[in-house]
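The values are calculated or read from the model by the stated rules, or taken from the named source; none is laboratory data. On a predicted model such as this, the values are computed, not experimentally measured, just so you know. Ideal geometry is used to build each Cβ from the backbone, glycine not excepted, and the neighbour counts take in all protein chains shown. Accessible surface is based on the protein model in full, side chains and every heavy atom, while ligands, DNA and RNA are left aside. Shrake-Rupley method; radii C 1.70, N 1.55, O 1.52, S 1.80 Å.
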Amino acid sequence: MHNGKARAFTNIALIKYWGKKDQQLILPMNNSLSLTLDAFYTETSVSFSKDYSHDTFYLDDQLQNEKATQKISHFLDLARKQAGVFEHAIVRSQNFVPTAAGLASSASGLAALAGACNVALGLNLTTKNLSRLARRGSGSACRSVYGGFVEWEKGNSDQTSYASPVASHHWEDDLAMIFILINDKTKDVSSRNGMQRTVDTSLYYNDWLKAANIDIEKARTAIANQDFQALGEVTEANCLKMHATTLAANPPFTYWTPDSLKAMNKVQAMRQAGQNCYFTMDAGPNVKVLCPKKDSETVYRELQKDFPSHQLIMAHAGKGIETLEMEVAK
């Protein structure tokens, strides 16, 4: 039996990944840049054995259906092929995310699975190659291999598309991100389908790509200069441009809800009142508020005036992937 276990933290893109140029290899249309956070993470263990007749997948102690297991099996096949090991596996994944928060865990989940496979199968991958492997499970997972600021180089092949840390002299330790949890309902349009519909039909998509290339340069410069205002401005503008592409898709769609707009308006009103904060949103209704750590308690208290405490979660910069010890069954 081959065992491995790893922990990976979620990341939030400040410059978004929106659109694939290769569905199979999960190669993105543009570079993206994220911040790994400490508040949400996934721990995943994997055991390969010749005694197992099929792959089994447990998520939060619940046996998963065939469709969910199939996605995991497809990923395990990539790792098995690399290792020359063709045993079936039991995968146990635990999401340490507030219950019903409606937060995407695919980035931390697939990064943790990649890390667990790396250990169990003795792949001895470099972090770059671990990032490449994680990408094949979920695009954004390639960024969760690292802590702090991370850039995913889009590349043009399996070999050239991977994430790397962005040098910041630990400036991320001076930042905070407050999550405003809007709802946990299943999205009408999944991220994957929404992304593809936008690439195929949105009138604004080519302009999005041009803008994203400029935005990532601005974000890199802001991080190098430790310029919070510049980073906040480009983060918020990039998010709004991404969401604009969905309104110009055919048929049009949006991930915003009335409470998403309420949260965005609140952040902009706080900024006009002199508070240093900016928002971002992924392909879902939740709003994330970026602010300096020293101001985070003030920002949190101000948000509490409009949103109950159970909808607010404070996060700070998180670490890269970690290998864990497997518990030995007694």
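So W18 passes all but one of these: (1) in contact (Cβ under 8 Å) with a residue 24 or more places away in the chain; (2) open to solvent by 20 Å² or more (accessible area, probe 1.4 Å); (3) assigned to a loop (DSSP other than H, G, I, E, B). Which condition number does it fail?
Checking W18 against (1) in contact (Cβ under 8 Å) with a residue 24 or more places away in the chain; (2) open to solvent by 20 Å² or more (accessible area, probe 1.4 Å); (3) assigned to a loop (DSSP other than H, G, I, E, B), the one that fails is (2).
Conditions: (1) out of contact with any helix residue (DSSP H, G or I) (no Cβ under 7 Å at 6 or more places or on another chain); (2) within 16 Å of A283 (Cα to Cα); (3) not aliphatic (A, V, I, L, M). D38 meets all but one. Number of the miss?
Here D38 meets the rest and fails (2).
Can we say T254 is hydroxyl-bearing (S, T, Y), farther than 30 Å from L133 by Cα and either open to solvent by less than 60 Å² (accessible area, probe 1.4 Å) or outside any strand (DSSP E or B) (or both)? Walk me through how you get there before you give the answer.
Working: hydroxyl-bearing (S, T, Y): yes; farther than 30 Å from L133 by Cα: yes; either open to solvent by less than 60 Å² (accessible area, probe 1.4 Å) or outside any strand (DSSP E or B) (or both): yes.
Against the criterion (hydroxyl-bearing (S, T, Y), farther than 30 Å from L133 by Cα and either open to solvent by less than 60 Å² (accessible area, probe 1.4 Å) or outside any strand (DSSP E or B) (or both)), T254 qualifies.
Residues to consider are T69, T44; find the one that is assigned to a strand (DSSP E or B) and either of a type in the set (S, T, Y) or under 17 Å from S106 (Cα atoms) (or both). Steps first, answer last, please.
Numbers: T69 fails: assigned to a strand (DSSP E or B).
So the residue among T69, T44 that is assigned to a strand (DSSP E or B) and either of a type in the set (S, T, Y) or under 17 Å from S106 (Cα atoms) (or both) is T44.
Hey, does the stretch 240-259 have a residue that's under 17 Å from V289 (Cβ atoms) and of a type in the set (G, A, S)?
The answer is no; no qualifying residue exists.
Of the residues that make up the stretch 106-120, is at least one outside any helix (DSSP H, G or I) and at pLDDT 95 or above? Lay out the reasoning, then the answer.
Applying the first criterion (outside any helix (DSSP H, G or I)) to the stretch 106-120 yields none.
Within the stretch 106-120 (the criterion being outside any helix (DSSP H, G or I) and at pLDDT 95 or above), the answer is no, since none of the residues qualifies.
Run down Y204, Y162 and say which single residue is open to solvent by 40 Å² or more (accessible area, probe 1.4 Å), aromatic (F, W, Y), at pLDDT 95 or above and farther than 24 Å from A8 by Cα.
On the way: Y162 fails: farther than 24 Å from A8 by Cα.
Just a single option satisfies the conditions, and that option is Y204.
Just need a number here: residues in the stretch 165-201 that are in a loop (DSSP other than H, G, I, E, B), at pLDDT below 95 and open to solvent by 40 Å² or more (accessible area, probe 1.4 Å).
Number satisfying all stated conditions: 7.
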